[in-house]
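The values are calculated or read from the model by the stated rules, or taken from the named source; none is laboratory data. Just so it is clear, the model here is predicted, and its values are computed rather than measured. With ideal geometry, Cβ positions are generated from the backbone for all residues, glycine too; neighbour counts draw on all protein chains shown.
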Amino acid sequence: MRLISLITDFGLKDNFVGLIKAVILKINPKVKIVDISHLVKPQDIKEAAFILKSSFYYFPKGTVHLVIVDPGVGTERKKLLVKTKNYFFVAPDNGVLAPTLKKEKPIKIIQITNPKYFLKPVSYTFHGRDIFAVVSAYVAKGDRLERFGKRIDTYLNLDLPQLKIKKNELIGQIIYIDRFGNLVSNIDGITFNNFVKNKGFKIFIKDKVIERLSYSYQDVAGFKPLAIIDSFGYLEIALNSGSAKDYLKAKEGSLVKVMIN
Amino acid sequence: MRLISLITDFGLKDNFVGLIKAVILKINPKVKIVDISHLVKPQDIKEAAFILKSSFYYFPKGTVHLVIVDPGVGTERKKLLVKTKNYFFVAPDNGVLAPTLKKEKPIKIIQITNPKYFLKPVSYTFHGRDIFAVVSAYVAKGDRLERFGKRIDTYLNLDLPQLKIKKNELIGQIIYIDRFGNLVSNIDGITFNNFVKNKGFKIFIKDKVIERLSYSYQDVAGFKPLAIIDSFGYLEIALNSGSAKDYLKAKEGSLVKVMIN
Amino acid sequence: MRLISLITDFGLKDNFVGLIKAVILKINPKVKIVDISHLVKPQDIKEAAFILKSSFYYFPKGTVHLVIVDPGVGTERKKLLVKTKNYFFVAPDNGVLAPTLKKEKPIKIIQITNPKYFLKPVSYTFHGRDIFAVVSAYVAKGDRLERFGKRIDTYLNLDLPQLKIKKNELIGQIIYIDRFGNLVSNIDGITFNNFVKNKGFKIFIKDKVIERLSYSYQDVAGFKPLAIIDSFGYLEIALNSGSAKDYLKAKEGSLVKVMIN
C-alpha cells in the first residue's frame, strides 16, 4: 500500500480531481489517495508551495506527493519527478517544489519525458490527468525512476518574501490566511524565539500592538487580537472567537513587525 | 477494516483535514476515512452536534466518529473518548457529543490524558492533528480504551432550543438549513404526529401558512412552500423548485408554529 | 475491488454525501468511492449529464457510476440501473444518463423496484441514501441485475442545445464554465476540424474575434482571449492568466460562432 497526496487549484465543482483519481486507480487499484487541498487560488504557485511545505512531512514514508498548479500547461515547462530520502514529488517545474526541497533534499531529480507514461492523446490543457496522474500511479507501484525520463540537476526556484532582521527589529509579512481568518506570517517560531530570547517585545500588525505570546486562542478576552506560534510552526496573529483577517482588515502581504523593548 | 468518520469546521482549503488523514493513515494504513462535513460554521458546536446526531447511526458498527469543532483548543477543556454499544466517539468535551449520547448511551467515557498518544510536540492550536487523530487511529486499531486515559462519569451538556407544547399549539424553530435552502425544524416527526393525530392543522412560518404535509418536493405547485418530514426525521419547510430560505427570508431561529384547527 | 463514482448536487456542507458513503461501505466494505462532483448546481440535470458524459470513460471497467440529481424524488419518476459494455449506471430516470448512453450503448436497462434493496423506512426526500446507494453497493458486490427490478427498454431523453451548421457558419453555445472561468462550448473538436478543414476561420464570442486555435493557455499575450480544444474535447474560449467568463461577461448559453473566411 502506498499513499498519493494531492494539492491542486482545480476546485471541487469540476471533474478534474475525480478524473485524476480515476486515472490513478485504473493503473494502481491499491493506492490510497489523500486530498490536501484543491482550493489553492487559481494558478497561485506560492500558495501551493506553502501548503506542500507545511504538509508533506506528516505523511508516511514513501508517499507520492502530487502537486498540480500549472499555469504553463502545454508550454515547454518541464515536468518533474523528485525523490528525497522519505518521499516522492511529482509536479510541473515552476517553483512549487522549491521551498519543500530546501527542507527535504532531493536525491534524484527526473525530467519526465517518457511518452509511455502519457495517456494518448495528451490534451493541451490537462497534464494533471494525462501525465502527472499516470506517473504518480506508476511511481507508487514501484517503477524505477529512470524509466520516466532523464536525470537532471536543477529545478526552478521560487521568489518568496524574505524576513528583514535588524538589531532590535524583525519584519515579516502575512503569507497565508486560513479558514478562520487566522493570519500566518513568514516568521517561523525558531527565528522568533532566537530573536526575542528572554527580552520584552512588541508585535505590530496594522494599527494594533500585541505584547506577549499566547498559548491558546482563548488566552485573551473575546475579540482581542493575539499572537501565537501556530500549527504550521509560524508566528500567527489570531482573534479569540473571531476572524483576525476581518477585524484587522489584513491581507497577504500585510507587514508584521517585532520590536525588542 | 474499520471506518473513521470526520466532522470538523476546518473547511476544505487549508491542509488541516489532509493532515488529520495523513496522521491516521501513518498509524493505521488499513482504516477507511469518510468525510461527513468539514464545512461546519467555524466554532459552531451546535451545528456539529446536529450533524453528528443525524449521521452516526448510518455507519457500520465499530465506526470511530471523530468530531473536531474545538474553540477551546489549548485550554484546560477535556478530551473525550466514548464507547457506546455500537460506536466510538472522539471529541473535545464541549457538548458536541451530548445530543448523540442521549440517543446512544455511553458505556465507557475516557478522559484522554496519556501522552503516548500525542504527537511530539503538541501544537497549541491543532489538537485535531496532534491528539484526536492519533487517538482515533489507535482506537480503530483496537487498543484497549483504558490505555488512553482515566474513566470519568460525565461530559459537558449542550443547551439546545426546546419545543414549547401547549394544548393546541406546538412551537419549534429552524435549527438547520441545508444546501437547497430547505428549513429543518426541531420538531421531530414522531412528536409532530403525536401532537396532530388525525386532526386538521396549520403550520405557520414567517408570514405563510401551510395546511397539510407533503410527500415529495413536487407535491405542490412550483415555488410554493410545503411541509414534509425530511430525511433527518424532522418537520421541514421547503419550496418546490427553489430555496425556502430565500423565499421566506427565514434563518436559524425562525419560529415554526403548528396549530390544531 | 470495484469502484463507485459519485456525481450529485448535494454540496459539501450537509451530511448527504457522507451518509451515502456510510450506507455503501456498510454493505460493501471493500469498494472504493471516488467523488467526481457534489457541486452540481442544485437540480441542474443538464450540468450533471455533461459532467458524467465527460468523465465516465476514464474509470476502470466495471465502475458503478452513481448520479443523484433528483428533483423528482418521492414522485413516480423511475429509478434506473443500466449496464453497458464497460460500466454500470445508477440514477433517477430524468435524462441525466441520456447523453452518456448515446456514447456508451445500454445492454440492459433495469427499473429498480425490488424493496429488498431499500432501507426501511424509505424517506420521502433522500432516495440517494435510501435506495440508490444501496443498489450501487450491491451492484458493485456482483448481485445479478435482474434481482433489482424489471427490464425495460427506454429511458428519458434530455433536450440539449444543438449545433447549427450552415455552409460557412457553425453556431454553438457555451454549455459549461469551469473553476478558472474557461468557457466550454458544445462544439466538439472533431466537428470543428471537419467544418474548418484547412481553411481560414474566425471565432466570434460576445464582442471579440479569435482567428486561430491555441495549443496552450500561454500561447497568447496575457489577458487575451484564445480558443483551444480542451480536455473535455470541446472548443473552449479561455484567457491567458485570467477568467474568460469575467473578461467577456459570458455565461452558459452565450453564442459561439465559427465562420469560414
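Note down all Cβ pairs under 9 Å where the first residue falls in region C:99-127 and is touching a residue at least 40 places away in the same chain (Cβ under 8 Å) and within 14 Å of chain B (Cβ to nearest Cβ), the second is charged (D, E, K, R) and in a helix (DSSP H, G or I), and they're at least six residues apart or on different chains.
C:L119/C:R129; C:L119/C:D130
Looking only at region C:61-83, how many residues end up being in contact with a helix residue (DSSP H, G or I) (Cβ under 9 Å, 6 or more places away or on another chain) and surrounded by fewer than 19 Cβ atoms within 10 Å (Cβ to Cβ)?
Our first condition is that a residue be in contact with a helix residue (DSSP H, G or I) (Cβ under 9 Å, 6 or more places away or on another chain); within region C:61-83, this holds for C:61-71, C:73-74, C:79, C:81-83.
Next, only the ones that are surrounded by fewer than 19 Cβ atoms within 10 Å (Cβ to Cβ) stay: C:61-62, C:83.
Within region C:61-83, residues that are in contact with a helix residue (DSSP H, G or I) (Cβ under 9 Å, 6 or more places away or on another chain) and surrounded by fewer than 19 Cβ atoms within 10 Å (Cβ to Cβ) number 3.
Given the conditions (1) away from every other protein chain (no Cβ under 14 Å); (2) in contact with a helix residue (DSSP H, G or I) (Cβ under 7 Å, 6 or more places away or on another chain); (3) free of Cβ contacts under 8 Å to residues at least 40 places away in the same chain, report the number of the one that A:K206 does not fulfil.
(3)
Please specify each residue of region A:209-234 satisfying the condition of being buried (at least 21 other Cβ atoms within 10 Å of the Cβ) and either among the acidic types (D, E) or touching a helix residue (DSSP H, G or I) at 6+ places or on another chain (Cβ under 8 Å) (or both).
Listed by number, the residues that qualify are A:P225, A:I229, A:D230, A:S231, A:Y234.
Tell me, yes or no, whether region C:26-47 has at least one residue that is aliphatic (A, V, I, L, M), farther than 18 Å from C:G142 by Cα, touching an Asp or Glu at 6+ places or on another chain (Cβ under 6 Å) and buried (at least 22 other Cβ atoms within 10 Å of the Cβ). Let's see the steps before the verdict.
First, the residues of region C:26-47 that are aliphatic (A, V, I, L, M): C:27, C:31, C:33-34, C:36, C:39-40, C:45.
Filter once more, so that each one left must be farther than 18 Å from C:G142 by Cα: C:34, C:36, C:39-40, C:45.
Then drop every residue that is not touching an Asp or Glu at 6+ places or on another chain (Cβ under 6 Å), which leaves C:40.
When the remaining residues are screened for being buried (at least 22 other Cβ atoms within 10 Å of the Cβ), the result is C:40.
Checked region C:26-47: at least one residue is aliphatic (A, V, I, L, M), farther than 18 Å from C:G142 by Cα, touching an Asp or Glu at 6+ places or on another chain (Cβ under 6 Å) and buried (at least 22 other Cβ atoms within 10 Å of the Cβ).
Across region B:38-62, what is the number of residues that are of a type in the set (K, R) and not in a helix (DSSP H, G or I)? Give the steps one after another, and end with the answer.
As a first pass, look at region B:38-62 and keep what is of a type in the set (K, R): B:41, B:46, B:53, B:61.
Still in the list and also not in a helix (DSSP H, G or I): B:41, B:61.
Looking only at that region, the number is 2.
Return yes when C:G189 is within 14 Å of another protein chain (Cβ to nearest Cβ) and in contact with a helix residue (DSSP H, G or I) (Cβ under 8 Å, 6 or more places away or on another chain) and no when it is not.
Working: within 14 Å of another protein chain (Cβ to nearest Cβ): yes; in contact with a helix residue (DSSP H, G or I) (Cβ under 8 Å, 6 or more places away or on another chain): no.
Here the answer is no, as C:G189 does not meet what is asked.
All but one of (1) assigned to a strand (DSSP E or B); (2) farther than 29 Å from A:V40 by Cα hold for A:A227; state the number of the condition that does not hold.
The failed condition is (2).
For every residue, the table says whether it meets (1) more than 22 Å from the chain's Cα centre (by Cα); (2) at pLDDT below 95; (3) more than 17 Å from A:S123 (Cα to Cα).
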residue	(1), (2), (3)
C:L160	no, yes, yes
C:L163	no, no, yes
C:Y176	no, no, yes
C:K202	yes, no, yes
C:Q218	yes, yes, no
C:K224	yes, yes, yes
C:Y247	yes, no, yes
C:A250	no, no, yes
C:N261	yes, yes, yes
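Is region B:49-66 home to any residue that is closer than 25 Å to A:S214 by Cβ and more than 14 Å from chain A (Cβ to nearest Cβ)?
no
Tally the residues that are farther than 21 Å from A:Y234 by Cβ and touching a residue at least 40 places away in the same chain (Cβ under 8 Å), restricting the search to region A:38-68. Give the derivation first.
Filtering region A:38-68 down to residues farther than 21 Å from A:Y234 by Cβ leaves A:38, A:42-43, A:60-64, A:66, A:68.
If we keep only those that are touching a residue at least 40 places away in the same chain (Cβ under 8 Å) too, we end up with A:60, A:62-64, A:66, A:68.
Of the residues in that region, 6 qualify.
Kindly indicate whether any position in region A:89-98 is free of Cβ contacts under 8 Å to residues at least 40 places away in the same chain, part of a helix (DSSP H, G or I) and away from chain C (no Cβ under 11 Å).
no
Among the residues of region B:129-176, how many are over 30 Å from B:I205 (Cβ atoms) and away from chain A (no Cβ under 14 Å)? Lay out the reasoning, then the answer.
Residues of region B:129-176 that are over 30 Å from B:I205 (Cβ atoms), as a first pass: B:129-156.
Filter once more, so that each one left must be away from chain A (no Cβ under 14 Å): B:135-136, B:138-156.
Qualifying residue count for the region: 21.
Assess whether C:D35 counts as being closer than 26 Å to B:I51 by Cβ and free of Cβ contacts under 8 Å to residues at least 60 places away in the same chain.
Judged against the criteria, C:D35 is a match.
When residues of region A:209-224 are filtered for being part of a strand (DSSP E or B) and closer than 16 Å to A:I177 by Cβ, how many remain? Steps first, please.
Looking only at region A:209-224, we keep the residues that are part of a strand (DSSP E or B), and these are A:209-210, A:213-214.
Okay, now just the ones that are also closer than 16 Å to A:I177 by Cβ, so none.
Number satisfying all stated conditions: 0.
Mind listing just one residue for me: the one in region C:1-24 that is crowded, with 24+ Cβ neighbours inside 10 Å and under 18 Å from A:P29 (Cβ atoms) and, of those, farthest from the other protein chains (Cβ to nearest Cβ)?
C:I4
If I filter region B:115-127 for residues that are surrounded by 21 or more Cβ atoms within 10 Å (Cβ to Cβ), among the β-branched types (V, I, T), touching a helix residue (DSSP H, G or I) at 6+ places or on another chain (Cβ under 8 Å) and part of a loop (DSSP other than H, G, I, E, B), do I get at least one hit?
Among the residues of region B:115-127, not one is surrounded by 21 or more Cβ atoms within 10 Å (Cβ to Cβ), among the β-branched types (V, I, T), touching a helix residue (DSSP H, G or I) at 6+ places or on another chain (Cβ under 8 Å) and part of a loop (DSSP other than H, G, I, E, B), which makes the answer no.
Could you list, in sequence order, the residues of region C:64-97 that are at pLDDT below 95 and either over 17 Å from the mean Cα position of the chain (by Cα) or outside the structural domain of C:A48 (by TED's automatic domain parsing) (or both)?
Hits for region C:64-97 are C:G72, C:V73, C:G74, C:T75, C:E76, C:R77.
Just to check your reading of the model, which residue among A:I175, A:I190 is free of Cβ contacts under 8 Å to residues at least 60 places away in the same chain and outside any loop (DSSP other than H, G, I, E, B)? Quick ask: steps written out before the conclusion?
On the way: A:I175 fails: free of Cβ contacts under 8 Å to residues at least 60 places away in the same chain.
Unique residue meeting the criteria: A:I190.
So if I check each of A:V96, A:V90, which one is under 21 Å from B:K26 (Cβ atoms), surrounded by 24 or more Cβ atoms within 10 Å (Cβ to Cβ) and not charged (D, E, K, R)?
On the way: A:V96 fails: under 21 Å from B:K26 (Cβ atoms).
The match here is A:V90.
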